[in-house]
Amino acid sequence: MTLSLDYLPRLPQRRDFRIGCLGAGFIMRDCHLLAYRQAGFNPVAIASRNPATAQAVAQHYGIPRCHATYQQLLADPTVEVLDLAVPPDIQPALLREAVQHNDHIRGILAQKPLAMSVAEARTCVELCAEAGITLAVNHNMRYDQSVRALKNVLQRGWLGEPVLATIEMRAIPHWMPWSQGLPSLSTFVMSIHHLDTFRYWLGTPDRVLASTRPDPRTRFPHEDGINLYILEYDKGCRAAAWDDVWTGPAREGTESDIYIRWRVEGTDGLARGTIGWPSYPARTPSTLDFTSKHFKDGWQSPRWSEVWFPDAFVGTMAQLLCALEEGTEAEISGRDNLETLALCEAVQLAAREHRVLTVRERLGPTG
């Protein structure tokens with residue numbers, strides 16, 4: 001049996017869609033634009049809250065137009081695709097303005113979370129649909145190479161029926177200043193990666209159990225720092241994660257033990273892997289090893305040179321551009337994202353109220 005895993009994203013035939021970039025911070029500067037340059041995508045304009053920052057990024061990447069305000073960027077008739085890199089609490093308002101420019105804006109790549117509630121996110125999805133704008137959400141962990149390779153292993157049936165999936169994160173995030181004012185810290189900013197990955201691998205779970213506590217290192221008020229949660233599927237599978245943003249006093253005088261590991265067990269095989277992101281900016285590829293009854297030669301260990309940050313950001317924009325080319329919904333569409341947000345809400349509320357929640361009740365009757 002030939003081992004050739006489909007771990008890279010599908011790319012559009014057309015690479016010259018004109019992209020307008022709103023935001024010039026780390027994610028845009030060091031992830032989006034670096035990935036777009038290596039993929040041959042076409043950013044033509046940029047704006048940010050700080051015009052000097054936007055100008056510096058424009059010069060670095062050779063972006064021809066730097067607008068003084070976001071309103072000027074949205075009104076720029078050359079922009080076909082809007083690439084948002086803004087905090088989640090202000091993103092819905094910008095989307096409401098962006099849909100007014102559907103004479104030239106055809107697609108929008110929004111950040112995750114799309115909004116801080118399912119209800120507000122659904123409004124964004126509906127506004128884009130009414131305006132004829134294709135909306136995608138930047139769930140970049142789906143394009144981490146090990147995550148995507150494991151999805152391919154599952155699709156080929158090499159693990160059989162999934163029984164148990166786990167993600168164990170022992171890593172210290174850099175909380176951006178905008179996160180201090182949000183009603184959620186870890187759930188909507190960090191755990192959302194893993195919750196969406198479980199959905200990508202296994203589908204949306206039926207029930208959620210969760211527990212959380214504040215992170216001792218994070219000084220501003222918050223309730224969800226260290227997150228523990230279990231996802232139940234009626235078909236039998238279980239998934240669980242330990243999202244540990246404390247990891248012990250690694251910055252307070254002890255040795256560190258920082259990593260992200262995942263594991264998926266099935267009736268026919270077992271897969272395990274690592275996520276290379278904690279060592280960023282060092283280029284550390286994520287890994288996958290798996291064993292299966294369908295192989296006679298033990299562990300399979302495919303490897304690659306690509307890394308999550310920034311290479312996965314080729315995939316998120318590429319899926320939006322493919323959807324525009326083909327007239328289809330993006331695989332990371334705003335509508336699909338509603339189930340990830342409902343899962344985030346369920347985890348947060350289950351921990352707060354010490355009860356089991358269903359994802360369906362968070363989605364509501366129109367979910």
| field | Calculated [θ] (222 nm, deg cm²/dmol) that DSSP helices of n ≥ 4 give over the chain, each run adding -39,500 (n - 2.57) | value | -9000 deg cm²/dmol
| field | Dipole of region 286-342, positive direction: furthest Cα of 316, 332, 286, with charges on the beta-carbon | value | 286
| query | Between residue 152 and residue 174, what is the FRET efficiency for a Förster distance of 41 Å, r being their Cβ-Cβ separation, to the nearest 0.05? | reply | 0.85
| How big is the charge dipole of region 98-177 about its Cα centre, in debye rounded to the nearest 20, if each Lys and Arg gets +1 on its Cβ and each Asp and Glu gets -1 on its Cβ? | 320 debye
| task | Please list the non-local residues whose amide H lies under 5 Å from the amide H of residue 238, H modeled 1.01 Å from N, same-chain partners needing a gap of 5 or more. | result | 164, 165
| query | Under a point-charge model restricted to the Cβ atoms of Lys and Arg (+1) and Asp and Glu (-1), what is the dipole moment magnitude of the chain relative to its Cα centre, in debye to the nearest 20? | reply | 480 debye
| request: Find which of 241, 198, 34 sits farthest along the positive direction of the dipole of the chain, computed with +1 on the beta-carbon of Lys and Arg, -1 on that of Asp and Glu, about the Cα centre. | output: 34
| query | In degrees from 0 to 90, rounded to the nearest 10, what is the angle of the helix 192-202 Cα long axis to the longest principal axis of the chain? | reply | 60 degrees
| request: Please arrange 104, 194 by counting, for each residue, the other beta carbons lying within 10 Å of its beta carbon, fewest first. | output: 104, 194
| message | Whole-Hz ³J(HN,Hα) for each residue in region 77-85, computed from phi via Karplus 6.51 cos²θ - 1.76 cosθ + 1.60 with θ = phi - 60°, x for glycine and proline: what do you get? | response | x, 7, 7, 9, 10, 9, 10, 9, 9
| task | Place a +1 charge on the Cβ of each Lys and Arg in region 164-260 and a -1 charge on the Cβ of each Asp and Glu, then give the dipole magnitude about the Cα centre in debye, rounded to the nearest 20. | result | 100 debye
| task | Over every pair of different alpha-carbon atoms in region 227-283, take the mean of 1/r and invert it; report that Kirkwood radius in Å. | result | 14.1 Å
| remark: Here region 276-293 yields Karplus 3J(HN,Hα) values (6.51, -1.76, 1.60; θ = phi - 60°; whole Hz; Gly and Pro given as x) of x, 4, x, 8, 3, x, 5, 7, 10, x, 5, 10, 9, 10, 8, 10, 8, 5
| said: Using only alpha-carbon positions, what ratio does the radius of gyration of the chain give when scaled by 2.2 N^0.38 Å? | reply: 0.98
| How long are the semi-axes of the ellipsoid equivalent to region 1-151, from square roots of 5 times the Cα gyration tensor eigenvalues, in whole Å, largest first? | 25, 20, 15
| Sorted from fewest to most neighbouring beta carbons within 10 Å, what does the list 31, 128 look like? | 31, 128
| query | Can you list the equivalent-ellipsoid semi-axes of region 100-222, largest first and in whole Å, using the square root of 5 times each Cα gyration tensor eigenvalue? | reply | 27, 25, 13
| note | the chain: relative contact order from alpha carbon pairs under 8 Å, six or more residues apart, as a whole percent, is 21 percent
| field | Per-q log10 I(q)/I(0), region 99-140, q = 0.16, 0.28 Å⁻¹ (Debye; single scatterer per alpha-carbon; no solvent) | value | -0.38, -1.00
| request: Could you please rank 252, 339, placing first whichever residue has the fewest other Cβ atoms within 10 Å of its Cβ? | output: 252, 339
| Say the dipole of the chain comes from +1 at the beta carbon of Lys and Arg and -1 at that of Asp and Glu; which of 260, 109, 189 then lies farthest toward its positive end? | 260
| field | Exposed trypsin sites (Lys or Arg not before Pro) absent - longest run of the chain, DSSP non-H/G/I/E/B, at most 16 other C-beta within 10 Å | value | 50-155
| Where is the GNM fluctuation largest for the chain (alpha-carbon springs, 10 angstrom cutoff): 337, 140, 42? | 42
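No value in this document is a laboratory result; all are computed from the given coordinates. Just so it is clear, the structure is predicted and the values come from calculations on it, not from any experiment. Neighbour counts are summed over all protein chains in view; Cβ atoms, including those assigned to glycine, are modelled from backbone coordinates with ideal geometry.
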